[in-house]
Amino acid sequence: MDSATAIGVGGGFAVIIGANVMEGGNPSSLIQIPALVLVFGATLCVTLAGGTLADAKNAVAALKKAFTGKVTPAADVVPTIVGLADKARREGLLALEDAVKDIDDELLVKGVSLAIDGNDPEEVRTILESEVIAKRRADKQAAKFFSDAGAYAPTIGIIGTVMGLVHVLENLARPEELGHLIAAAFLATLWGVMSANAMWLPIGNRLKRLSELDVARMEVVIEGVSAIQSGANPRVVRHRLVSLLPAEEQSALAEAA
Amino acid sequence: MDSATAIGVGGGFAVIIGANVMEGGNPSSLIQIPALVLVFGATLCVTLAGGTLADAKNAVAALKKAFTGKVTPAADVVPTIVGLADKARREGLLALEDAVKDIDDELLVKGVSLAIDGNDPEEVRTILESEVIAKRRADKQAAKFFSDAGAYAPTIGIIGTVMGLVHVLENLARPEELGHLIAAAFLATLWGVMSANAMWLPIGNRLKRLSELDVARMEVVIEGVSAIQSGANPRVVRHRLVSLLPAEEQSALAEAA
Amino acid sequence: MDSATAIGVGGGFAVIIGANVMEGGNPSSLIQIPALVLVFGATLCVTLAGGTLADAKNAVAALKKAFTGKVTPAADVVPTIVGLADKARREGLLALEDAVKDIDDELLVKGVSLAIDGNDPEEVRTILESEVIAKRRADKQAAKFFSDAGAYAPTIGIIGTVMGLVHVLENLARPEELGHLIAAAFLATLWGVMSANAMWLPIGNRLKRLSELDVARMEVVIEGVSAIQSGANPRVVRHRLVSLLPAEEQSALAEAA
Amino acid sequence: MDSATAIGVGGGFAVIIGANVMEGGNPSSLIQIPALVLVFGATLCVTLAGGTLADAKNAVAALKKAFTGKVTPAADVVPTIVGLADKARREGLLALEDAVKDIDDELLVKGVSLAIDGNDPEEVRTILESEVIAKRRADKQAAKFFSDAGAYAPTIGIIGTVMGLVHVLENLARPEELGHLIAAAFLATLWGVMSANAMWLPIGNRLKRLSELDVARMEVVIEGVSAIQSGANPRVVRHRLVSLLPAEEQSALAEAA
Amino acid sequence: MDSATAIGVGGGFAVIIGANVMEGGNPSSLIQIPALVLVFGATLCVTLAGGTLADAKNAVAALKKAFTGKVTPAADVVPTIVGLADKARREGLLALEDAVKDIDDELLVKGVSLAIDGNDPEEVRTILESEVIAKRRADKQAAKFFSDAGAYAPTIGIIGTVMGLVHVLENLARPEELGHLIAAAFLATLWGVMSANAMWLPIGNRLKRLSELDVARMEVVIEGVSAIQSGANPRVVRHRLVSLLPAEEQSALAEAA
């Protein structure tokens, strides 16, 4: 589990509250039920309205992944693939049938199984690439849910503030309450901006990033399956796959080897 | 019918009004005829001005679709195609003539009919892909109408507020009415931001999303027609089409099988 | 002539003025010469500065087209092309020499003439596609002039308002004139936002849309010329071209047939 | 020399100052040294920080080009190329050696020289296209310098204004100076917005546009060199090149012919 | 080392502080611990939350590169490659084994080594291009960290200011402190905007630019390795590589030759 999002979102709210305390404010005065209901309720409603019920369901599942999802570097799959390529070259493709059972990576299992079943290399690649495209689209939609929420939240907050100010302006008769009422009106904007920047947008960015990392690993797998199927030299396979990795994973892999 | 948009837009307005009531406001004070005429009237006018009369007509049709349109998952069409592929392989392409009559999916009917008529596979694919491109363009334009309205509405609201403030500033002689007049001026901004974020933008997003889902299903159909025409093994056809689906539809399909 | 832009821009200003009157304002108080000179003058200057003199000249020509331009649906050209394909198939390409004289569509005339002159089909397609690329670039530049003006105008308005407020703040000695002076300062922002949203941006959008529609028709023509030159069956030509049209033009064409 | 930028930027500032005078303002009160130092100094510093020293040097050179650069329409190069094609067809490629000496267009000279030297047509095209790509990248970077400056300037201005207001708020003891101090604080925003919209952004747009026009001419040259080298019929060459031009240059060329 | 970023960021802050002093402000009054903690702390937290821990680690490494990184013009590698091409043509590819040891450019060493090892030219190119793609992605992510921080910082600042104003509005009882409290509230916005525009955004832009320059040099290397391997004439190699350079590097190279 990569804890960047848990640390970042938690730390973000902690810093904001801490700064409020340092300035002599009372964080509990920031809690105002109507503003919270408005900002969170209306943001979720209008974000939901921009997609389908299934999209919203997937977004909830993605939320969990954003906080607790494991990030497997693409480099981790390279030794496994090189091992399979070695075995396939020495003992033939069919010998991979048992080896595949111990592998975690779903796409690698699917690709090798398709190869064992005797499918055409071009066909195997097309099927695996379709998986990547379908995954990328699904991930994009899940990330979009949170990016959209991050775009709506501040303006929903402004709606709350303007409604509050209208309320204030029509009740100017009680000047001693003005300060409190205006402060309350601004809390909607505060929560709109805060929820967008400390929650929705970072979560959306995180999901986009996790998707990129997953796709990068899947691309390594696709090249690997293709190399295994063509019976390439394991040393060449390694070279080819390593060149697909970012520099820091290349050196980590070199050290591990 | 996927009710996400009906729930989302309805719920969004309900939450906004509810929050206003919770804060002690009177929702009826938000209703101000000149502001509503300005924000909705001028937004629709300038949005209309950016396209053609036909675009506006199509946008009205799309509005209905956004709220009541049925969302057919791409997975639903897979068993039908696999069935056709099976029949075509056993009895020949011409045997599909009757089977086609029971199919709902227009593109599938068109593709299979073109195949039965003996058209070249490459030609059939080109025609079906042209349909997808034409549909995508038409959908994009319909969604753009609402995205544009969502971009114009807040600034139209600001026009109303500035006009109102100018009116206030030239009538400073009656200070007892100032609060009410300023409040009234801000209602135009309120309605501009609210109509954009709780209606126009979500509807635009929804139409873009429905178009994506339709296009994804059409892509499955195109691959399916191509596979049927080439007389591929139904098991391979299924494999190929399933790899085009997002992960959660893949498993739903696996459970159903 | 498609009157969407004339109706939209005219209606937009009418609604804004109408709302001002409904609120008890006096539209004539919105007319302030220095603000109008600033907003329109400076916007046109800085937009001009971002291109060439020829671009500005073309933008003026495009302005007329935006308001009065005829929108010919791509579907209208299909029967003509099918007729030509039929004639060419029966009587040979040279027989089109007379038929071409009655055709309005410039690109169709050019394409068929090139085909009659015996040019290679690949060469004809390349030339026609170059025309489309050149047209698309020219259209994009014309639309950009108005989009740019729409981006500059509100900020130019803000310049006017800030200059006005600075003027006010340095003349606080006459409090009885403050309201009027501040109101005057805001008129620059009002005109900046209003000219952008009710004129420049809709006109820019309209020109982009007209260009899209023209290009879509040109693509139908290119496919048509290609089909005529290859001596394709008129029924197949029709099928091919119809698949390039949006759904509602397809059905309109089907009804007309 | 195309004077659009000189006229536009000069006219923009003239209109702004003129409007200030018309409103009864004193333009000299807009000149405030600290605001000018802040807005221009900090904008240039942070823009510089986003690139390399060489980028900044190139941007200065591009600035001169934006104001005084000559705009040569792509059409101007067509007759020259057709002439060369004619000569090459009649007398052979080597006969162009003398003709090339009188040509201004660097890329045309380079392309024809490469052809005379007996290089492979594919190789010549690759080299000429590499030139276009390299030029487009360099132009993009130069334009980006000014676009970036245009994006930074208003926010730098806001920094100045907020610093000024902080200064004001901590010196509320002298109310008679408040108006003047607040006015001074707003001058930083004024200069930030004004420098961005009347200088940086138009210059950035102009450089992008000049680059587009240069690239369009270079594309005509590349097609022309290719046609010369293949010994194409001059009439066909002319047809081919003319189709690459925008409509108004096509007709200008037709009139000139 | 290219000092543009060190000069630009340092100069930017110096100019801002200098302007503050010129206006009679006291820069030390801009230092307010809670605002600084909020703006820098929360910005870093939420930026971290949008990626992985490894991304944040890479961003720190990139920060150093942004300030002290050496910019090697692509032109510098041309003479080396031409030299290698010359040697390879005269003495054969294997003769490059020693020459490679003196070369700094990692990609050139890798490419030539792969060529010496007898790998297929197509395979060598694919591996080198994979390196470029992997590097571009890693660079993009590092730059994105700072661009994201630059997008979050101003809104985090606004959160601080709204919290401060809420605090002020609920403590209107002590009017003599109002000015100071409001000033303090605005410092959060000041630091948010200042950190974004004078640090985060320029650093993000710088990293994007360094990446572009690195990639441009890598593309020259790839073409060079390909030419060496194909045994091309050194003069032609030089011509080919020079055409990939921007104009000012071409002339610098010509002067040096």
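The values are calculated or read from the model by the stated rules, or taken from the named source; none is laboratory data. Model, not experiment: these values are computed from the prediction. Ideal geometry is used to build each Cβ from the backbone, glycine not excepted, and the neighbour counts take in all protein chains shown. With ligands, DNA and RNA removed, areas are computed over all heavy atoms of the protein, side chains included. Shrake-Rupley method; radii C 1.70, N 1.55, O 1.52, S 1.80 Å.
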So which residues in the range E:4-39 are at the interface with chain A (Cβ under 9 Å from one of its Cβ atoms) and not hydrophobic (A, V, I, L, M, F, W, C)?
E:GLN32, E:PRO34
Can you tell me how many residues in the range B:84-113 are in contact (Cβ under 8 Å) with a residue 40 or more places away in the chain and of a type outside the set (Asp, Glu)?
10
Of all residues being open to solvent by 70 Å² or more (accessible area, probe 1.4 Å) and within 14 Å of chain C (Cβ to nearest Cβ) in the range D:69-100, which is nearest to D:ASP2 (Cα to Cα)? Just the residue, please.
D:LYS70
Among the candidates A:VAL21, A:VAL9, residue that is in a helix (DSSP H, G or I) and either more than 25 Å from A:THR189 (Cα to Cα) or open to solvent by 60 Å² or more (accessible area, probe 1.4 Å) (or both):
A:VAL21
Filter result for C:GLY51 (part of a loop (DSSP other than H, G, I, E, B) and more than 26 Å from C:LEU253 (Cβ to Cβ)):
yes
Exception for C:PHE145 within (1) of a type in the set (A, V, I, L, M, F, W, C); (2) free of Cβ contacts under 8 Å to residues at least 12 places away in the same chain; (3) within 25 Å of C:ALA66 (Cβ to Cβ) falls at (2)
Being more than 34 Å from the chain's Cα centre (by Cα) and among the aliphatic types (A, V, I, L, M) is the filter here, so list the residues in the range B:75-112 that pass it.
B:ALA88, B:LEU93, B:LEU94, B:ALA95
Between a residue in the range D:151-171 that is over 15 Å from E:ILE16 (Cα atoms) and any residue that is small (Gly, Ala, Ser) and assigned to a helix (DSSP H, G or I), which pairs come within a Cβ distance under 7 Å, given they are 6 or more apart or on different chains?
D:VAL168/D:ALA185; D:LEU169/E:GLY179; D:LEU169/E:ALA183; D:GLU170/E:SER29; D:GLU170/E:GLY179; D:GLU170/E:ALA183
Which residue, of D:ARG206, D:ARG217, D:ARG235, is basic (Lys, Arg) and farther than 20 Å from C:ALA138 by Cα?
D:ARG235
Restricting to the range C:119-130, name every residue that is within 11 Å of another protein chain (Cβ to nearest Cβ) and open to solvent by 60 Å² or more (accessible area, probe 1.4 Å).
C:ASP120, C:GLU129
Checked D:ALA143, D:ALA115, D:ALA151 against criteria (under 14 Å from the mean Cα position of the chain (by Cα) and either open to solvent by 10 Å² or more (accessible area, probe 1.4 Å) or more than 9 Å from chain E (Cβ to nearest Cβ) (or both)); the one match is D:ALA143
Can you pull out the helices (runs of 4 or more DSSP H) entirely within the range C:181-257 that have at least 1 residues that are facing another protein chain (nearest Cβ under 10 Å) and crowded, with 23+ Cβ neighbours inside 10 Å?
C:201-229, C:234-242
State which residue is surrounded by the fewest Cβ atoms within 10 Å (Cβ to Cβ) when the search covers only the range C:40-55 and only residues that are under 13 Å from D:ALA198 (Cα atoms) and facing chain D (nearest Cβ under 7 Å).
C:GLY41
Return a yes/no flag: does the range A:28-37 have any residue that is over 30 Å from E:ALA184 (Cα atoms) and either in contact (Cβ under 8 Å) with a residue 24 or more places away in the chain or touching a strand residue (DSSP E or B) at 6+ places or on another chain (Cβ under 6 Å) (or both).
no
The one condition A:VAL82 fails out of (1) out of contact with any Lys or Arg (no Cβ under 6 Å at 6 or more places or on another chain); (2) part of a helix (DSSP H, G or I) is (1)
Spot the failing condition for B:ALA59; the list is (1) at pLDDT below 95; (2) of a type in the set (A, V, I, L, M, F, W, C); (3) within 30 Å of B:PHE13 (Cα to Cα); (4) crowded, with 22+ Cβ neighbours inside 10 Å, and only one is missed.
(1)
